[in-house]
Every structure is written in structure tokens, then in C-alpha cells.
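The values are calculated or read from the model by the stated rules, or taken from the named source; none is laboratory data. All figures in this text were calculated on a predicted structure; none of them were measured in a lab. Cβ placement follows ideal geometry from the backbone for every residue including glycine, while neighbour counts extend to all protein chains displayed. Accessible surface is based on the protein model in full, side chains and every heavy atom, while ligands, DNA and RNA are left aside. Shrake-Rupley method; radii C 1.70, N 1.55, O 1.52, S 1.80 Å.
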Amino acid sequence: MAIKLVTTVAELRAEGALLLGLKQGTSQGLVPTMGALHEGHAALARAAVEQNDVVVATIFVNPLQFGDAVDLDRYPRTLDADLALLEEQGVDLVFAPSVEEVYPGGQPLVRVTSGQLGEKWEGASRPGHFDGALTVVAKLLHYGLPAAGLPAAPGGLPAYRAYFGQKDAQQLALVRRMVADLNFPVDIVGVPTVRAADGLALSSRNRFLSDDEREAALVLSRALRLLEQRATAREPLDVESASALVESQPLVALDYFEVVDPETLEPLAENCRETPFRGEALALIAAKVGPVRLIDNVPLSS
Ligand code: AMP
């Protein structure tokens with residue numbers, strides 16, 4: 001079936017309900033994005049299509065999560081290519097609303113606050129970013145709720161799942177906390193990071209890197225890979241050498257590089273650097289490469 005584009009919440013609800021009815025569906029998947037889609041987003045869409053009868057993707061560049069108006073203005077917008085990519089993955093419906101549709105009264109008075117978890121790491125460099133991101137995710141999750149009263153799973157409402165990339169580990173952890181703390185009726189599915197063949201994590205911002213900067217940016221994934229190999233081999237995590245690798249690259253200004261608990265994102269005890277690594281953790285990295293801020297992470301497990 002050809003993909004359908006809608007721009008209002010009313011259309012989204014009507015079309016979503018129609019599709020669930022037509023397909024006699026018992027599950028709906030939601031894939032929130034800001035557009036400028038690449039293979040990372042395609043992986044989210046594919047996971048959603050595999051696991052749900054009806055899949056809605058959203059494309060919305062959310063002003064509330066941008067501290068910097070210039071950054072917001074120059075965020076890439078590529079709607080036609082995005083629709084083609086989503087159609088190829090089998091997405092049914094795309095919701096690409098205007099700013100006025102999402103925030104009809106201007107800036108919302110009541111917002112989601114991301115608490116301590118939203119103030120560290122990315123939150124420390126981008127104050128208010130996660131409050132803005134969670135506020136729009138809350139709204140998108142509500143917009144995408146499968147219509148009540150339509151063909152449901154035996155004994156209940158249709159299943160509802162939303163897909164987020166592990167690439168944005170802090171966002172994923174925060175969305176999970178919001179959904180748990182505020183009892184949203186949705187399962188959050190995390191999808192592994194998709195990388196270019198040379199290891200660079202795909203990001204809509206990579207297009208702003210010059211050739212030299214793109215080459216320099218490879219130290220981020222290389223440093224993470226070093227820690228991953230250490231963890232898998234149950235060796236101490238040598239964060240210092242991995243950081244030194246990043247700092248040896250003059251085009252890269254390291255912001256943070258830490259091994260943290262995957263849920264609380266609190267740094268792990270220092271002794272993971274000296275004693276053999278056991279357990280589950282996340283290595284987080286952020287750096288400015290030329291003018292572009294990049295983030296990456298890798299799950300550590302042994
Ligand atoms: P964005 O459009 O950047 O807001 O991203 C939309 C969703 O795609 C978020 O859940 C991101 O975590 C996810 N995403 C972005 N890049 C990747 C990637 N390289 N691999 C997997 N997911 C990604």
C-alpha cells in the first residue's frame with residue numbers, strides 16, 4: 001500500500017483508525033524522527049514494520065528542544081526523500097505537522113521535566129534540551145495512540161510500541177523513565193546504532209562535516225570500540241588510553257567520555273578502570289568535530 005502523508009492530528013487519528021480497521025490490526029508502532037532520514041532511521045522503521053500491523057512515522061523538527069535558533073534553522077529538511085525511504089521500509093502513515101499544529105497556543109505552559117537524568121551529559125551542554133524533547137515525545141506518543149474501540153487484541157486495546165535509537169542513549173533512557181514514571185500505555189523499543197562501514201555512527205548532522213572532519217570523527221567510534229574489546233575480554237576498561245586517542249586528533253574537541261550505568265547514566269565506580277570488567281554498562285562519548293557536535297555510545301557487556 002502506498003504511504004500516506006498527513007499533517008494534522010485529526011487526520012492522523014482518522015487514518016490510523018482506518019488502517020487498523022482495514023488490516024484488522026492488533027498492534028500499532030510509532031517511529032518519531034526529525035526527518036533528514038538515513039539508514040539509522042530506516043532500521044527503526046523496519047523494526048516497527050516487523051513487529052506491528054500498522055506503522056506511523058512522525059517527522060517534526062521540534063523548536064522546543066533547540067537552544068540555538070541558528071541550529072534549528074539549519075537543521076536539514078528533506079521531506080520527499082524521507083517519504084521515499086519510509087515507504088521502502090513499509091511504513092503506512094507519515095505525520096509531518098507544522099509547528100502551529102503541535103503548539104497551537106505558542107509555547108506550552110505545562111511541560112515534562114527530565115529531572116537529574118536530563119541535566120547531565122548532553123543536558124549539561126544543552127540546557128533545557130531534554131525537557132523540550134520529552135515534551136514533544138509525550139505529545140507524539142499521545143497522537144499515535146491506536147484508536148480505542150477498534151479491532152483489539154483479544155481482551156484488550158491494540159498493542160502500542162514506539163521505537164527509539166540507542167544512538168541517543170540518554171534520550172532513550174529518559175523516554176523509558178517518562179513512560180514508566182507517568183504510566184504511558186506504550187512499550188519502548190530500543191534499536192541498535194547503525195554505523196557507516198568505517199564505524200562512524202550515522203547522524204543527520206554528519207552532512208555538515210568536511211572530508212577531513214569526517215575522517216577525524218572516526219576516533220570517536222574507535223575509542224568506543226577499544227573499550228568494547230576490553231569489556232568483552234573481561235579486562236579493566238582503559239578509559240585513559242581511549243581518551244588519549246581522541247585527544248590526539250586536533251580537529252576533535254572532546255566534551256565527555258565516561259562509562260556509566262545503562263539506566264541511571266551515573267558514572268561507574270573508578271575500579272572498573274582497574275579491575276576486570278563484569279556486568280552491563282554504557283560508554284558515552286561527545287565531542288565537537290569542527291563545528292559539529294557529535295555523540296556516540298556503545299553498550300559494554302561481559
Ligand atoms: P532524529 O531524527 O535524529 O531525532 O532521530 C530519530 C530517531 O532515530 C531517534 O530515536 C534516534 O535515536 C534514531 N537514530 C538516529 N541515528 C541513528 C542511528 N545511527 N542508528 C539507530 N538509530 C538512530
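Out of all the residues in region 94-124, which are hydrophobic (A, V, I, L, M, F, W, C), part of a loop (DSSP other than H, G, I, E, B) and closer than 13 Å to Ala173 by Cβ?
The one that is hydrophobic (A, V, I, L, M, F, W, C), part of a loop (DSSP other than H, G, I, E, B) and closer than 13 Å to Ala173 by Cβ: Trp121.
Count, please, the residues in region 215-241 that happen to be touching a residue at least 24 places away in the same chain (Cβ under 8 Å) and under 22 Å from Asp198 (Cα atoms).
The total comes to 14.
List the number of the failed condition for Glu119; all other conditions in (1) of a type outside the set (Gly, Ala, Ser); (2) farther than 19 Å from Phe60 by Cα; (3) open to solvent by less than 30 Å² (accessible area, probe 1.4 Å) hold.
That leaves (3) as the condition not met.
Determine if region 169-189 includes at least one residue that is open to solvent by less than 30 Å² (accessible area, probe 1.4 Å), out of contact with any strand residue (DSSP E or B) (no Cβ under 6 Å at 6 or more places or on another chain), in a helix (DSSP H, G or I) and polar (S, T, N, Q).
yes
Restricting to region 42-84, give me the number of residues that are open to solvent by 30 Å² or more (accessible area, probe 1.4 Å) and in a helix (DSSP H, G or I).
15
Please enumerate the residues belonging to region 122-148 that are in contact with a Pro (Cβ under 8 Å, 6 or more places away or on another chain) and open to solvent by 70 Å² or more (accessible area, probe 1.4 Å).
Scanning region 122-148 gives a single hit, Leu145.
Regarding region 40-47, can at least one residue be identified that is on the phi < 0 side of the Ramachandran plot, away from the ligand (no atom under 16 Å from the Cβ) and in contact (Cβ under 8 Å) with a residue 24 or more places away in the chain?
no
Just give me the residues in region 99-121 being over 16 Å from Val136 (Cβ atoms) and out of contact with any Lys or Arg (no Cβ under 9 Å at 6 or more places or on another chain), in sequence order.
Gln116, Glu119, Lys120, Trp121
Taking only region 20-34 into account, find how many residues are farther than 14 Å from Tyr160 by Cβ, assigned to a helix (DSSP H, G or I) and either within 16 Å of the ligand (Cβ to nearest atom) or touching a residue at least 12 places away in the same chain (Cβ under 8 Å) (or both).
Number satisfying all stated conditions: 1.
Could you list all residues from region 187-210 that are within 18 Å of Pro76 (Cβ to Cβ) and either away from the ligand (no atom under 13 Å from the Cβ) or not β-branched (Val, Ile, Thr) (or both)?
Ala196, Leu200, Ala201, Leu202, Ser203, Ser204, Arg205, Asn206, Arg207, Phe208, Leu209, Ser210
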